[in-house]
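I have placed the structure first, in the form of structure tokens, so that the comments after it can refer back to it.
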Amino acid sequence: MQHLTTYELGYKFQLLDDSLQLNGAFFYYDYDTIHTVATELSTPLTPGGGAVTTTSVLAAPGGEVYGVEAEALWLATDNWTLGGNFSYTPSEYTEDLRVNDTSDVDTPTSLFPDAVDLQQNINGNQILQVPDWKYTGWTSYMVPLQGLGNVELFASYSWIDDVYYSPFEAEEEMAESYGRLDLRATWRSADGHWTATGFVNNVLDDVGKLQVLRNGEEEFYRQSAGTTVPRLYGFELSYAFKGS
């Protein structure tokens, strides 16, 4: 049986004549067991035989996640809105767990059969796929065009801290921090039929990694990663048919 002890203190505020909304929480999670993903290396079944690797979900004997998260929404004027959120979430494995890193190119088991005995203790390492920091900010401004409809200008920026995709805190399996800026302008006709949108996504062309995969000797230590989309821009035009 697994146990999770949690403490959380939240808050909600409305300020400036209820035009500003602030929400947030402070939290602490204490896991007596937390699952992590690692590759295990088995002892060769026959003398001189190769070791067998298997990717397993392992129960690490302890972990801590704590921090703070907050969000804000401000109706600055009738036409201008700002919002954003952030989280600070440091984490770590808190008990000893020794695991093989079968993707270490320096110790191929075909040359070093004793590599099955090389294990790393992940105690104190960051819990995988839990970044310390991430935040998003956005703003929207509506421009009335009198009888011609209106134009909405929208911008958002988001940023995420370094993320590890293995419990070893290996740089080879770390996705470096990256940010993303998106811009969008949308015109809507006064009768609601026509909508035209121009946009630029990832304006700064900062391509980030979404996942990092390392393979062992049986896959020739191949490495791969999924990435975000590079800078993308376009134009959309639509017409909505409405009944009488």
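Values quoted throughout were computed directly from the atomic coordinates according to the rules given, and no laboratory measurement underlies them. Computed from a predicted structure; not experimentally measured. In this analysis, Cβ positions are derived from the backbone assuming ideal geometry, glycine residues included, and neighbour counts consider all displayed protein chains.
Figures for the structure shown
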{"item": "Cross-link reach list, aspartates and glutamates versus K209, counting only Cα pairs under 14 Å and skipping chain neighbours closer than eight places", "result": "D161, D162, E171, E172, E173, E176"}
{"item": "Counted charge near K12, where neighbours are those whose Cβ lies closer than 14 Å (Asp, Glu -1; Lys, Arg +1)", "result": "-4"}
{"item": "Computed lengthening from R231 to D206, 0.36 nm per intervening residue step minus Cα-Cα distance", "result": "8.2 nm"}
{"item": "Reported label for calculated Rg and Dmax of the Cα atoms in Å given (i) 17.5, 51; (ii) 25.0, 85; (iii) 18.2, 57", "result": "(ii)"}
{"item": "Extension reserve of the V143-A70 stretch, reckoned as 0.36 nm per residue once the Cα distance is removed", "result": "23.4 nm"}
{"item": "Sites E171 and W133 - FRET efficiency at Förster radius 25 Å, r taken between beta-carbons, to 0.05", "result": "0.85"}
{"item": "Full-extension gain in nm, L213 to E152, via 0.36 nm per residue minus C-alpha separation", "result": "17.9 nm"}
{"item": "Listed peptides 172-182, 75-85 by packing density, highest first (mean Cβ within 10 Å)", "result": "172-182, 75-85"}
{"item": "Distance (nanometres) between label positions extended 7 Å along Cα→Cβ at Q21 and R98", "result": "5.3"}
{"item": "The chain, relative contact order in percent, only Cα pairs under 8 angstrom and at least six apart counted", "result": "13"}
{"item": "3J(HN,Hα) from dihedral phi, segment 2-8, Karplus parametrisation 6.51/-1.76/1.60, rounded to Hz, x for glycine, proline", "result": "9, 10, 10, 9, 10, 10, 8"}
{"item": "Karplus 3J(HN,Hα) series, Hz, for segment 225-233 with 6.51 cos²θ - 1.76 cosθ + 1.60 (x for Gly, Pro)", "result": "8, x, 10, 6, 6, x, 3, 9, 9"}
